[in-house]
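Enquirer: One structure follows; several queries about it will come next.
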Ligand code: HEM
């Protein structure tokens, strides 16, 4: 918490720009309601394939697809991962209190609702940039600082992760009082939404860190997993909230903190691609326990075939190495499971370096202390993939339950 508050100025600026934004938004919307098309709208121009594939498919291709904002749970957790991600962590202003957090949540709730439905934010002077939501989701989380400022009842598990032996954390990627996870199939939409939400937060909260990531946008099927930059199929074994026994692993059922909340663990993990380049295919597959081409376990079958951990090779050693990533990450108790939704990053290399790539590892679970930490401890103890990867950032947030129309996110915490 660093910047002093100037809330009155903020509200004043918002009111002033709101009138401009409303005019611009109305102008833009009158000319480009979804499907009817303005100069830049989703339905602009003739669509030669609309007859063949249907108007809905064409509209979706042009970015008209929306995900719901209102509801008991926030979007962006267990829904299909979009291609582009920006995570922004915030520091609350010095002296922030319950009213500061309430004001911020009021602004964000309204703007996120608008942006996710393809409308400009309240003070938006470029509402045209909002007309292709492309499945935009903005997911709001609170870190320990937001609960402290608001004097609100925090989840018992909400704290930074303990240090792990493999960690080489850089302070610039750690922590945060609040987080926004912004995902869309359009990178322009992500950039615009982030800009509106960041400026809308000023001066109540300022950016602490920003992480940008991406997944394969051209995968037709199986988008719940992706190729990471080591070339592995990532996301194969994951709980699903459509499976009754998995649901309480992802979403709090109310027994830990709040029904329909979840924890978000963010780990920024650097990949040593130069070392990976020197490893042959056998060593690479051995480190994971799965094939690189189709993601099948080394004991055979296809991607979804369960691994045969007892199988041994001619030399008597296990086919799936005891220290392979998959084997070390497998649950040793039924509760040691969580939802992974990772994104690649590929940033500007430092001088003298070839690359600056890795994974923005996002894990969601009802209780990270019980579900996530034991797995991370096991991987820190021994995991062949550690030769090629290093955690450099870490943060834990409480993803708030969703809200209904007329409510604000986190409203019940702000009494
Ligand atoms: C850069 C770092 C990492 C990479 C490249 C990576 C990659 C992979 C890949 C390719 C798989 C196999 C396919 C799949 O089931 O998704 C996998 C499985 C898994 N990983 Fe990771 N991972 C990384 C970090 C982590 C971390 C930090 C954790 C948790 C602390 C983790 C937990 C898991 C789990 C639980 C599985 C499924 C194991 C099972 O088969 O039951 N991974 N990972």
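The values are calculated or read from the model by the stated rules, or taken from the named source; none is laboratory data. Remember, predicted model here, so these are calculated numbers, not experimental data. Glycine also receives a Cβ, built like all others from the backbone with ideal geometry; neighbour counts cover every protein chain displayed.
Enquirer: Residues of the range 132-152 being out of contact with any helix residue (DSSP H, G or I) (no Cβ under 7 Å at 6 or more places or on another chain) and outside any helix (DSSP H, G or I), which ones?
Expert: 135, 139, 141, 142, 143
Enquirer: Now a separate question. Just to verify a result, which residue in the range 227-258, among those that are part of a helix (DSSP H, G or I) and touching a strand residue (DSSP E or B) at 6+ places or on another chain (Cβ under 9 Å), is nearest to residue 340 (Cα to Cα)?
Expert: 250
Enquirer: In this structure, does residue 398 turn out to be more than 9 Å from the ligand (Cβ to nearest atom), assigned to a strand (DSSP E or B) and in contact with a strand residue (DSSP E or B) (Cβ under 7 Å, 6 or more places away or on another chain)?
Expert: Numbers: more than 9 Å from the ligand (Cβ to nearest atom): yes; assigned to a strand (DSSP E or B): yes; in contact with a strand residue (DSSP E or B) (Cβ under 7 Å, 6 or more places away or on another chain): yes.
For residue 398, the condition - more than 9 Å from the ligand (Cβ to nearest atom), assigned to a strand (DSSP E or B) and in contact with a strand residue (DSSP E or B) (Cβ under 7 Å, 6 or more places away or on another chain) - is met.
Enquirer: May I ask you to list pairs of residues, at least six apart or on different chains, whose Cβ atoms are under 6 Å apart, with the first in the range 370-394 being farther than 16 Å from residue 275 by Cβ and free of Cβ contacts under 8 Å to residues at least 60 places away in the same chain and the second being within 9 Å of the ligand (Cβ to nearest atom) and in a helix (DSSP H, G or I)?
Expert: 375/329; 378/328
Enquirer: So residue 192 passes all but one of these: (1) surrounded by fewer than 21 Cβ atoms within 10 Å (Cβ to Cβ); (2) touching a helix residue (DSSP H, G or I) at 6+ places or on another chain (Cβ under 8 Å); (3) outside any strand (DSSP E or B). Which condition number does it fail?
Expert: For residue 192, the failing item is (1).
Enquirer: Identify the residue in the range 44-74 that is over 30 Å from residue 403 (Cα atoms) and part of a loop (DSSP other than H, G, I, E, B) and, among all such residues, is modelled with the highest pLDDT.
Expert: Result: 54.
Enquirer: Please indicate, with yes or no, whether at least one residue in the range 371-380 is touching a strand residue (DSSP E or B) at 6+ places or on another chain (Cβ under 7 Å), closer than 18 Å to residue 157 by Cβ and crowded, with 21+ Cβ neighbours inside 10 Å.
Expert: yes
Enquirer: Among the residues of the range 297-319 satisfying the criterion of being within 10 Å of the ligand (Cβ to nearest atom) and surrounded by 18 or more Cβ atoms within 10 Å (Cβ to Cβ), which is farthest from residue 384 (Cα to Cα)?
Expert: 307
Enquirer: Right, residue 103: within 19 Å of residue 59 (Cβ to Cβ) and not in a strand (DSSP E or B) or not? Walk me through it before giving the result.
Expert: Numbers: within 19 Å of residue 59 (Cβ to Cβ): no; not in a strand (DSSP E or B): yes.
So residue 103 does not fit the description; no.
Enquirer: As an exercise: evaluate residue 114 against (1) in a helix (DSSP H, G or I); (2) in contact (Cβ under 8 Å) with a residue 24 or more places away in the chain and give the number of the one condition it does not meet.
Expert: All conditions are met except number (2).
Enquirer: Specify which of the listed residues (359, 409) is within 10 Å of the ligand (Cβ to nearest atom) and either part of a strand (DSSP E or B) or modelled with pLDDT of 95 or more (or both).
Expert: Numbers: 409 fails: within 10 Å of the ligand (Cβ to nearest atom).
So the residue among 359, 409 that is within 10 Å of the ligand (Cβ to nearest atom) and either part of a strand (DSSP E or B) or modelled with pLDDT of 95 or more (or both) is 359.
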